[in-house]
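See structure below.
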Amino acid sequence: MGGNNVTKATSPHRPAATAVFNDHAVAIAKRQYFQPGDEGVEGMFRRVANWVAQPEKAAEREAAAERFYQLMLDQRFCPGGRVLAGAATQHGNVLNCFVQDGRPEQAGTDAWTLNLATKLALVTKVGGGNGVNLDPIAPKRRFAGKTGRLYLTVSQSHPDYDKIRTGTFLDLVRGEMVTRGYRAATFVERDAVPASATVRLVADSVDDIWHAAADMAMGLLRGQDVLIDLSDLRAEGTPVKGSGGTSSGPSSFAVEIYDHFAIWAALGGAEYAGPVATLRYVFSPTLRAIRQGGSRRGAGMATLSVTHPDVQDFITAKDLEREQAEGDISTFNISVLVTDEFMAASLDSRQGVLMDIAQHAWATGEPGLIYIDRINQYNPMRAALGDIKSTNPCVTADTWVQTQTGARQVSELVGKRFCAVVDGKAFGVESNGFWSTGVKPVFKLRTRRGFELRLTGNHKLSKVTNLDRYSLETEWLELSQLSVGDRISLQDQRQSAPWVGDGTLVEGWLLGTLVGDGTFITDKAQPMAALDFWGEGLEEFVELAVDGLELIGEERPWVTRRGEAGEGRARIASKALAALAARFDIVHGGKSVTDAVERAGYDFYRGFLRGLFDADGSVQGSQAKGVSVRLAQSDSALLVRVQRMLARLGIISTLYTDRRPAGERSLPDGRGGNALYECRADHELVVSGENLAVFAHKIGFEHPAKQAKLESALAGYKRRLNRERFFDKIISIEPDGEAEVFDVTVERVHAFDANGIAAHNCGEIPLYPGEPCDLGAINLAAYVTRPGEGTAGFDFDTFAADTRTCVRFLDNVLDVNVFALEDNREMSMKLRRLGLGVMGLADALIRMGYAYNSEAGRQAVDEVISAMRDAATEASEDLANERGAFPLYDDSSLRAPRRNVAVLTVAPTGTTSMLMGVSSGVEPVFAPFIYRKIGTDYHALIHPLFQELLERHAPVAGYDKDGAWDWDKVVEKVQANHGSVQGLDFVPDDVRSVLICAHDIAAGDHVKMQGVVQRAFDGGKDVANSISKTINLVNEATAADVFDAYAEAFVSGCKGITVYRDGSRDFQVLSTSTTPKKPESEPTAQQTTESAHGGTVTTPDPVSKGANKRAQPQGHYDRLPGEPLFDRPLRLSGFTDQVKLMLPSGEKRGFFVTVNKQDGLPTEVFIVSGKAGDEANADSEALGRVVSIALQYGVPAEALVKTLRGINGGMYGSYHGRMVASKADLLAVALETAGVENVLNHQKGCPDCGAPLRFEEGCQKCESCGYSKCG
């Protein structure tokens, strides 16, 4: 290694003076964050500070901007990268990520899924990241249906015509143009549109691109053929106004969006495809197709509960073999949500689902784990927004719930997703329908107007707390907190949309009339039902009934008449009516309102109630005493059902029982006289007040006299009808035994219609859709003013003051941010969640003199983070006094008003930590030096603290040069020692004791540090979100080590964990098996020593470079540029294809193309023509050798494919379905189809510069150019 290849980085820590940003930091800022008008890093910070200071009072704005500016310029604080890039720009979104869902559509449906995809696109467009929970999506199952066909077209004059025709686009994951073609779509010319296809012209906007995709997918699922016309979309590379970037182009949308969405539809959509296929074909392509902020692809996080039936499918979703066969989802990180119960049951043995997760994390670095119960434990909104593990309030199985498809009992909704209708609006459920919570004591609640509900004592109902002429105030209280006489809310369904269900208006009227004044005839060969009419309007009713019976299939209704005109009676008997009644479970001996009637459709409801009120209803009263419509019945249970049916139409009625006691009454005897009969008690259902007008509008009478009387009464009112306030008084709460009870979670409103009563939903999933990440990080290393003195040298006073300023900064960001979606803005404003984190923790520990993995170091971190927590909490409380608490504060469990529901987090600092020149987040220093690509060469960049610490000592013999340290030799020795200073005698003890890097640290010590930070952040104040940290394991670690890390994280109080085994992503690329391989050999013996500060240090035995060429590198410092990656063994295996191409002369020539692989990757290629002359074959041999040597020296196969593909040598033919035009083209296709198509998807190198990536804070980052997957 030459001396010019070693670069010493200047230490960024300068107390009091303005820091100097080195060339690398400036280059990162210029590439990632600068906007037109920024004059260097100072100009960028000035732009950000002025913009963020806008919410301040005018008199204080300038001073606030100056404080913000100095914090950033002095490298004490850095906001999230999107703040740096987006502040004061046209799109204005500077928040990092949002939890999204598909509201207001029913959760888990096709419409919900496609609406969610549109939200992902809109947020990604303005630079936001996205989190998605996949639990609402049903498990995958086989789809036997038939979908329509998708056609794509574009005008031949469009600049991207050829790209769209061939399916060629700029793949932002791979960073290159690829020709992928179409799997589900067919390209057609505009003048050859199939007659069967519905044409959808796509407008040039993100909204319409995804709306068109949604329309297309829904059409395909209905069996329609759809043609998507892309002619109006701007060409690839066209500038995007407001984002500072360029368009992905219509070819990208054709392949990534329309073709993939069509694949998803062919799998049956949300009902059949399952969460993984939905992620693969809908959500992930959405993030790939959008250039984030107009310049780079988006990033997302997908989660699935461990209890979901498809969790095994989710765990394996990112296996290389699956991605190659099924499609890429690299734009999403994935994590499994695990409960305390699951963890406790899994820790006893290294088997089961948790071990499966560990094995796949060992192989690929994913999935991660999120301890969802731990998150709930510190959730201050659990009182208002619920808690997954709370004691669940419940209702019984016979409770009727109003849904978008009509009334259903809870027993019918167990395990089934549905859309609840609450106060006239539809809301999806976040849970998988209702679920049983066991057998519990229940109570029966009755109200004055007759409503009833069976529920547990801790179920919440909406109590009316204040009522006057103009307002009505309510609060949710448990049944145990309610008393007789309390008023509770009823559901207002007046604005409910008509629902589609069984039965028609005519069918309903016939059956309502049958239940009211009909009978069954059972002495015939085939059962018949009869309707009886008499009195006024007799003939009109007979005609109406006969017409209706003919509509339902009655060929010959039997009509019989008795008596004189005006006093006669008529009976109409019908077999079809009996069959219709049986369809709704109305039979002889059971002539009532049945469950099937309550489940029926909206039109049937109107008809049934009209027929019933025609038969047994009346219009009574006067304006003086009040007009009412009344329904009299001896069956009170029938009236209870009718009351519920009326309520679902927005008509509130009152049930009066025992209006006439049971006993003997004089009734017509059927022979012209009267006789005494024993009669049951009479009950009455009364509709009055404002409900009368709704009754007249939605139901009314066919009976002419009754309808006329109702219309006359309403027309005669000279004052407004008494307004319905939709509440009722409790008249009794009584124990009602024990019963199996059930829970549900309804999105947004967290309530449902339970027998007409407003009931709070049961459990809540505490992942609140719409919430953003408002991120910034304070640099802990900047506050170590007296190095080597431990925490005594840490400036706590300045640190606390700056923490308060940082909280104010981030709170301001929420107010100046421009949100892409209204529900994101609403949730952000309701909770005002901040994410103030840290960077430079490892650097601070080194400067204080502590080892990262020592108990003393952890105690120091606890002291620092606790001070930060207290200052941040006080700052948020002071802001609440100044600006007001977050709007949902009163519903929280917080002890004092705060401006923000949470303040602290540790998110990936990625590029911003490189900008500030310090270690990332709470991660340890990765290595004493890293390779950085400068121009075409790699240079070893020395960590500034390694340089500072070592240069305090005189150089050791053999490592000196001109009286100073010979950094070339130092780097060479450290590199040979796997990038570690541990075990190197020439490195002084005090340097080795604190310079403990990522791969020197045992997994347990990684986890312990995360646990210390998490506990200090929480501190009993409910002030922290979860933290992001990667547990970096050495390559030799086993899946059992990953399992143990999960266990330690759970015991230590962490809220989540990501484990990355060094080289695992490369190892997975080299693997040819779906089962993770064990390392080729057992780990070499390691020495365990105790550092000066109490930390345990593992010291690997040095291994020569030559012996390690084929082993996976320890980090990226074992593989020097210029060394081949592979030593060729005596035998390689591969494949040989025969291809025939047509020459320009018209002659056909055969070629043999061979690709040999080593460790799963192509390393050797040959091309030979049997009939060609020596010169032609010599050219072929030379081409093969050059490509082979490039592969062996680490040139990515994708780069070679990109270089060779499309070279035109005048030949013509097809190879693996791809058009080829030269021998170079043949080799490119051979490589492209050799099983390496998605290598870059697993981040073998940086997509921007090709340099190695490292995994840190749950995110991939490039030390060379500053790229970070997380922004």
When you check ASP658 against the structure, is it at pLDDT 90 or above and either among the acidic types (Asp, Glu) or within 28 Å of TRP534 (Cβ to Cβ) (or both), yes or no?
no
From the residues in region 291-317 that are buried (at least 21 other Cβ atoms within 10 Å of the Cβ) and more than 17 Å from the chain's Cα centre (by Cα), which one is modelled with the highest pLDDT?
ARG291
Taking the criterion of being touching a Phe, Trp or Tyr at 6+ places or on another chain (Cβ under 6 Å), farther than 30 Å from VAL838 by Cα, surrounded by fewer than 19 Cβ atoms within 10 Å (Cβ to Cβ) and at pLDDT 70 or above, would at least one residue in region 1197-1206 satisfy it?
no
Of everything in region 984-1025 that's β-branched (Val, Ile, Thr) and at pLDDT 70 or above, which residue is surrounded by the most Cβ atoms within 10 Å (Cβ to Cβ)?
ILE996
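Which one is surrounded by the fewest Cβ atoms within 10 Å (Cβ to Cβ) among residues in region 699-734 that are of a type in the set (Gly, Ala, Ser) and farther than 20 Å from PHE613 by Cα?
Pass one, region 699-734, residues of a type in the set (Gly, Ala, Ser): 700, 705, 708, 712-713, 715-716, 732.
Next cut, farther than 20 Å from PHE613 by Cα only: 715-716, 732.
On the way: ALA715: 7, GLY716: 10, SER732: 12.
Among those residues, the one meeting the criterion is ALA715.
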Show me the helices (runs of 4 or more DSSP H) entirely contained within region 822-915 in which 1 or more residues are modelled with pLDDT of 95 or more.
841-848, 855-883
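Restrict the check to region 473-480 and report whether at least one residue is free of Cβ contacts under 8 Å to residues at least 12 places away in the same chain, of a type outside the set (Phe, Trp, Tyr), in a strand (DSSP E or B) and not assigned by TED's automatic domain parsing to the domain that holds LEU646. Break it down into steps so the answer makes sense when it comes.
Residues of region 473-480 that are free of Cβ contacts under 8 Å to residues at least 12 places away in the same chain, as a first pass: 473.
From what is left, the residues that are of a type outside the set (Phe, Trp, Tyr) are 473.
Those left that are additionally in a strand (DSSP E or B): 473.
Adding the requirement that they be not assigned by TED's automatic domain parsing to the domain that holds LEU646 leaves 473.
Yes, some residue in region 473-480 is free of Cβ contacts under 8 Å to residues at least 12 places away in the same chain, of a type outside the set (Phe, Trp, Tyr), in a strand (DSSP E or B) and not assigned by TED's automatic domain parsing to the domain that holds LEU646.
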Could you count how many residues in region 517-559 are in a loop (DSSP other than H, G, I, E, B) and loosely packed, with under 14 Cβ neighbours inside 10 Å?
10
Scan region 413-424 for residues that are at pLDDT 85 or above, crowded, with 21+ Cβ neighbours inside 10 Å and not in a strand (DSSP E or B) and report the count.
2
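Conditions (1) surrounded by fewer than 20 Cβ atoms within 10 Å (Cβ to Cβ); (2) modelled with pLDDT of 80 or more, marked per residue:
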site	(1), (2)
THR364	no, yes
PRO380	no, no
ALA383	yes, no
ALA397	yes, yes
VAL401	no, yes
SER411	yes, yes
ALA426	yes, yes
VAL439	yes, no
VAL442	no, yes
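Results for (1) part of a helix (DSSP H, G or I); (2) at pLDDT 75 or above; (3) within 30 Å of GLY835 (Cβ to Cβ), shown as yes or no for each residue.
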{"site": "ALA1037", "(1), (2), (3)": "no, yes, no"}
{"site": "ALA1040", "(1), (2), (3)": "yes, yes, no"}
{"site": "ASP1044", "(1), (2), (3)": "yes, yes, yes"}
{"site": "PHE1050", "(1), (2), (3)": "yes, yes, yes"}
{"site": "CYS1054", "(1), (2), (3)": "no, yes, yes"}
{"site": "GLN1068", "(1), (2), (3)": "yes, no, no"}
{"site": "THR1074", "(1), (2), (3)": "no, no, no"}
{"site": "LYS1078", "(1), (2), (3)": "no, no, no"}
{"site": "THR1084", "(1), (2), (3)": "no, no, no"}
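Considering ALA213, ALA254, ALA266, ALA270, which residue is in the same structural domain as ASP110 (by TED's automatic domain parsing), surrounded by 24 or more Cβ atoms within 10 Å (Cβ to Cβ) and over 30 Å from THR89 (Cβ atoms)? Spell out the reasoning first.
On the way: ALA213 fails: over 30 Å from THR89 (Cβ atoms); ALA254 fails: over 30 Å from THR89 (Cβ atoms); ALA266 fails: surrounded by 24 or more Cβ atoms within 10 Å (Cβ to Cβ).
Result of the check over ALA213, ALA254, ALA266, ALA270: ALA270.
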Hey, GLY108 hits all of (1) modelled with pLDDT of 90 or more; (2) on the phi > 0 side of the Ramachandran plot but one; which does it fall short on?
(1)
So which strands (runs of 3 or more DSSP E) stay within region 148-188 end to end and still have 2 or more residues that are farther than 17 Å from ALA217 by Cα?
168-171, 176-179
Regarding region 702-721, can at least one residue be identified that is part of a loop (DSSP other than H, G, I, E, B), in contact (Cβ under 8 Å) with a residue 40 or more places away in the chain and under 41 Å from the mean Cα position of the chain (by Cα)?
no
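Can we say SER1028 is modelled with pLDDT under 85, crowded, with 20+ Cβ neighbours inside 10 Å, small (Gly, Ala, Ser) and under 18 Å from GLU923 (Cα atoms)? So that I can check it myself, show each step before the final result.
On the way: modelled with pLDDT under 85: yes; crowded, with 20+ Cβ neighbours inside 10 Å: yes; small (Gly, Ala, Ser): yes; under 18 Å from GLU923 (Cα atoms): yes.
In short, yes.
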Scan region 595-608 residue by residue and report those that are in contact with a strand residue (DSSP E or B) (Cβ under 9 Å, 6 or more places away or on another chain) and surrounded by fewer than 24 Cβ atoms within 10 Å (Cβ to Cβ).
ASP595, GLU598, ARG599, GLY601, TYR602
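Of the residues that sit in region 115-145 and are among the charged types (D, E, K, R) and part of a helix (DSSP H, G or I), which one is modelled with the lowest pLDDT? Break it down stepwise before answering.
At the first step, the residues of region 115-145 found to be among the charged types (D, E, K, R) are 119, 125, 135, 140-142.
Adding the requirement that they be part of a helix (DSSP H, G or I) leaves 119, 125.
On the way: LYS119: 88, LYS125: 77.
Checked region 115-145; the qualifying residue modelled with the lowest pLDDT is LYS125.
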Matching entry among ILE334, ILE329 (being aliphatic (A, V, I, L, M), under 18 Å from ILE1057 (Cα atoms) and modelled with pLDDT of 85 or more)
ILE334
Filter result for ASN93 (at pLDDT below 90 and either out of contact with any Pro (no Cβ under 7 Å at 6 or more places or on another chain) or of a type in the set (Lys, Arg) (or both))
yes
In region 179-210, residue surrounded by the most Cβ atoms within 10 Å (Cβ to Cβ) [restricted to those that are over 26 Å from the mean Cα position of the chain (by Cα) and among the aromatic types (Phe, Trp, Tyr)]
TYR182
Any helices (runs of 4 or more DSSP H) falling wholly within region 560-630 and containing at least 3 residues that are without any contact (Cβ under 8 Å) to a residue 60 or more places away in the chain and not aromatic (Phe, Trp, Tyr)
575-583
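The values are calculated or read from the model by the stated rules, or taken from the named source; none is laboratory data. As the structure is a prediction and not an experimental result, all values here were calculated from the model. Using ideal geometry, Cβ is built from the backbone for each residue, glycine included, and neighbour counts are taken over all protein chains shown.
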